[in-house]
There are 2 protein chains.
Amino acid sequence: MARAATQKNRSELICGALRSAILERALLPGMKLPEDSLGERFGSSRTIIRQALERLAAEGLVELRHNKGAAVATPSLEEARDLFELRTHTEDLVIARLASGLSAQQKARLEEHIAQEEAASDGPEPLSIRLATEFHILMAELTGSPVLLRYVKELSYRCGLTLSQFSRPHSSNCGIQEHRDILAAMEEGDVEKARGIARAHLDSVSSRAQFDTGGKNGFSYLDALEPYASGVRGAD
Amino acid sequence: MARAATQKNRSELICGALRSAILERALLPGMKLPEDSLGERFGSSRTIIRQALERLAAEGLVELRHNKGAAVATPSLEEARDLFELRTHTEDLVIARLASGLSAQQKARLEEHIAQEEAASDGPEPLSIRLATEFHILMAELTGSPVLLRYVKELSYRCGLTLSQFSRPHSSNCGIQEHRDILAAMEEGDVEKARGIARAHLDSVSSRAQFDTGGKNGFSYLDALEPYASGVRGAD
DNA sequence: CCCGCAACACATGCATACAATTCGCCGCGA
DNA sequence: TCGCGGCGAATTGTATGCATGTGTTGCGGG
């Protein structure tokens, strides 16, 4: 069914493309996102660009200032802390459900994902960043609860944006082993242990942040966007 | 500043009107929401109705079926359980922050709200239902964290919709004393106690549900919407 | 009487055109 | 030279019109 969802409307497609671009740090916090430039780049009219932006704004990934244009959100340090705290508590629920009964199939999917992360650890950085986030989303998905999935997704995305703003250029790929540890603990059925490891994992991720604000805006966001746009534009 | 926000665009206005209508059970789960009927009723074009519906869909209050019309969401029993569970854990954070240092001003605002609830307990039911929900939102607001506010808001709304679907016509207003108890415990600074009471409160709210699906659709949703539409339409 | 098919009506998907607002800039006057 | 007021460019806000896809209904054949 997830494959069928690929067939849906343009605005969702573009929304996803922009989201990926933000998560993979091709679009950095604070970058402006004018509607018609984006429309031209994606080969669509402003109508659906607007829809996509509005949705991303609802998710907290972009800021929509009245009559002054959209921009990638720039979360404050306080927001970052709150985001990670809430995410930790939300993922507690995910871990608890998974740890109290992990099926063989679920285990297999998690192992497969970890293998992908490992394979990507040598490759391009955007990919490994995205995979690290998607591990958490996969866990939420495996609970079978749309509610948990939705909120873990959104919080993970926002945390990803936060890291994009506050952490150093490179700070990922150390998390793979931690993901493995979480899976192992869940496999044992030890809810408390799994939860402890997951909390420690998120804490270590967030503590890797808050270093410097990084030098952004070295080049046009339009160029940064090209690889994301081509996939959508080609769908004409 | 909240007053300035009143001046923003139509779609937000309409979005808020629809949300209130859903929360106050003027629009019941499953009711269809065709774009052009709504547009006519609110005196706006389909464009902004669409925006409002799309946003409500993102919040989980509306279901948007492809080419088959929008409708008020009909959460399943499982979703209801997940929603309340996640909401409980999220409000834990709110309670913890408030209980660890409640200012006099914060206390005053909460007391004022409880007084409003009390005053409304004899009045029209929609109002007291809304006030009960808004007490929780006010607590989140008083933490000063936009993140907590946003998610408590959304989860509270969705829980309200859930209650609209599963609970009996009347089951509110017994919660006022519980709200008072929460405030008292927070005032003492006893985080654990406050958390316990808040959890019990939410549990009792959710357990009051699951009675019957109620008889819905007795009349046109257009009539049900009139009081909400007039406020927006008059803004021309 | 039932089944299949085709045309219609309804509802959304999308693009274009127009209106309103904001911000920056330039000229004018003190 | 500095402050101020108005004008213009740019960008968003809103409406309308056409295209597309889906469900339904009515007709004809078996």
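The values are calculated or read from the model by the stated rules, or taken from the named source; none is laboratory data. Owing to the predicted nature of the structure, the values given are computational and were not obtained by experimental measurement. Cβ placement follows ideal geometry from the backbone for every residue including glycine, while neighbour counts extend to all protein chains displayed.
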Take the stretch B:30-46 and flag every residue that is away from DNA strand C (no atom under 12 Å from the Cβ) and under 21 Å from the mean Cα position of the chain (by Cα). B:Gly30, B:Met31
Out of (1) at pLDDT 65 or above; (2) over 19 Å from B:Glu24 (Cβ atoms), the odd one out for B:Asp236 is which? (1)
Looking only at the stretch A:37-55, decide whether some residue is under 12 Å from A:Leu18 (Cα atoms), small (Gly, Ala, Ser), within 14 Å of chain B (Cβ to nearest Cβ) and in contact (Cβ under 8 Å) with a residue 40 or more places away in the chain. yes
Do the conditions hold for A:Ser100, that is, is it modelled with pLDDT of 90 or more, within 16 Å of DNA strand D (Cβ to nearest atom) and more than 18 Å from the chain's Cα centre (by Cα)? no
Check whether at least one residue in the stretch A:71-92 is within 16 Å of DNA strand C (Cβ to nearest atom), farther than 22 Å from A:Arg208 by Cβ and not in a helix (DSSP H, G or I), and report yes or no. yes
Name the single residue, out of those in the stretch B:56-70 being more than 9 Å from every other protein chain (Cβ to nearest Cβ) and more than 10 Å from DNA strand C (Cβ to nearest atom), that is nearest to B:Arg10 (Cα to Cα). B:Leu56
Cβ contacts < 9 Å: first residue among the β-branched types (Val, Ile, Thr), restricted to the stretch B:59-71; second residue assigned to a loop (DSSP other than H, G, I, E, B) and more than 9 Å from DNA strand C (Cβ to nearest atom), any location; separation 6+ or different chain. Result? B:Val62/B:Ala73
Tally the residues that are surrounded by 21 or more Cβ atoms within 10 Å (Cβ to Cβ) and either outside the structural domain of B:Asp181 (by TED's automatic domain parsing) or closer than 22 Å to B:Arg25 by Cβ (or both), restricting the search to the stretch B:61-108. 11
So how many residues does the stretch B:114-124 have that are in contact with a Ser or Thr (Cβ under 7 Å, 6 or more places away or on another chain) and assigned to a helix (DSSP H, G or I)? 2
Residue count for the stretch A:16-40, restricted to those that are within 16 Å of DNA strand D (Cβ to nearest atom) and surrounded by 20 or more Cβ atoms within 10 Å (Cβ to Cβ): 5
State the number of residues belonging to the stretch B:136-150 that are farther than 17 Å from B:Ser20 by Cα and either more than 12 Å from chain A (Cβ to nearest Cβ) or in a helix (DSSP H, G or I) (or both). 8
Against the definition (of a type in the set (Ser, Thr, Tyr), surrounded by fewer than 19 Cβ atoms within 10 Å (Cβ to Cβ), over 14 Å from the mean Cα position of the chain (by Cα) and over 20 Å from A:Ala57 (Cα atoms)), how does A:Ser145 come out, yes or no? no
